[in-house]
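The values are calculated or read from the model by the stated rules, or taken from the named source; none is laboratory data. Just so you know, these numbers come straight off a predicted model, no measurement behind them. Cβ coordinates were reconstructed from backbone atoms using ideal geometry, including for glycine residues, and neighbour counts include every protein chain displayed. Areas reflect the complete protein model, heavy atoms only, side chains present, ligands, DNA and RNA absent. Shrake-Rupley method; radii C 1.70, N 1.55, O 1.52, S 1.80 Å.
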Amino acid sequence: MSDSPLAAPQLVINSRMLYSSWIPADPKAAAVLLPQGLQPATNRAIYMNQYVVDSEEQASSFGAYSLTYLGLDLAGRTAPDGVTPSRFFTHYFNSSERVRGYVHERGVPASQGTTTLELHGVELVATTRVEGIPIIRTVARVGQKISSVARGHLTYVTQVKGKLVAGNYPYVGELAESFELVSLEFLAKDHPVYALRPSSPLQKVEGWCWYAPRDSFVYPGGEYEYKQ
């Protein structure tokens, strides 16, 4: 692969992806992570995406990598569907230096980290590690067949040189049937991401907890200024 700057946009196909959303244990601590000008959604929801791109053939230029990113749903603006809240990145743990460089230029708070998705029968375990230490572990039960196809756009907001910008990320995901989010553990109390830990008992946000054994998406190249 070339060391030249990566062109925008970037396409990724057939990633293995676990998406989840919940109500945090400490909504005030989570809201503090938002920059001035942004407000959390009314329900204070947190979102997280844990996924793996297994081979370089699945990406236009990124190569293989793994990623966990998470943050807050926002009040005031939605994705192009008019329903899904816009979302702000607070943490972004990526195994690839190439991808980290690409997203850094777009205001994403990228840092080094690895993510694994291990499927044993119907049990799926996603583990996020920083410097080899597990910081997040998600356990789900998933079906073996595809039940539906989700498609549309998500809107993610970042901060670039003091300005809020947004990008629309198109996606097509083949969702596994009979999904159940069993547990969601934040394992490192001394890590800043602990501020986003879920309440106990776990309060899931319906519609945003699913597993896609094949999910394809685009990192946008046409970001725009984000206004409330």
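At a glance:
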{"read-out": "Filter pass, residue 102 being assigned to a helix (DSSP H, G or I), surrounded by 18 or more Cβ atoms within 10 Å (Cβ to Cβ) and aromatic (Phe, Trp, Tyr)", "value": "yes"}
{"read-out": "Verdict on residue 2 being surrounded by fewer than 19 Cβ atoms within 10 Å (Cβ to Cβ), modelled with pLDDT of 95 or more and either more than 23 Å from residue 209 (Cα to Cα) or in contact with a Phe, Trp or Tyr (Cβ under 7 Å, 6 or more places away or on another chain) (or both)", "value": "no"}
{"read-out": "Selection from segment 33-52 of residues that are of a type in the set (Val, Ile, Thr) and crowded, with 16+ Cβ neighbours inside 10 Å", "value": "46, 52"}
{"read-out": "Set 217, 186: member being closer than 23 Å to residue 111 by Cα, surrounded by 17 or more Cβ atoms within 10 Å (Cβ to Cβ) and touching a helix residue (DSSP H, G or I) at 6+ places or on another chain (Cβ under 7 Å)", "value": "186"}
{"read-out": "Selection status of residue 149, open to solvent by 50 Å² or more (accessible area, probe 1.4 Å), within 23 Å of residue 11 (Cβ to Cβ) and in a strand (DSSP E or B)", "value": "yes"}
{"read-out": "Residue in segment 173-180 that is within 18 Å of residue 23 (Cβ to Cβ) and surrounded by fewer than 21 Cβ atoms within 10 Å (Cβ to Cβ) present", "value": "yes"}
{"read-out": "Some residue of segment 113-123 being closer than 24 Å to residue 203 by Cβ, at pLDDT 95 or above and hydroxyl-bearing (Ser, Thr, Tyr)", "value": "yes"}
{"read-out": "Which numbered condition residue 144 misses (of (1) free of Cβ contacts under 8 Å to residues at least 60 places away in the same chain; (2) open to solvent by 40 Å² or more (accessible area, probe 1.4 Å); (3) part of a loop (DSSP other than H, G, I, E, B); (4) over 20 Å from residue 214 (Cα atoms))", "value": "(4)"}
{"read-out": "Boolean, residue 129 is surrounded by fewer than 16 Cβ atoms within 10 Å (Cβ to Cβ) and at pLDDT 95 or above", "value": "no"}
{"read-out": "Selection from segment 69-99 of residues that are in a loop (DSSP other than H, G, I, E, B) and open to solvent by less than 20 Å² (accessible area, probe 1.4 Å)", "value": "79, 84, 96"}
{"read-out": "Residue in segment 53-68 that is assigned to a loop (DSSP other than H, G, I, E, B), on the phi < 0 side of the Ramachandran plot, touching a helix residue (DSSP H, G or I) at 6+ places or on another chain (Cβ under 8 Å) and crowded, with 20+ Cβ neighbours inside 10 Å present", "value": "yes"}
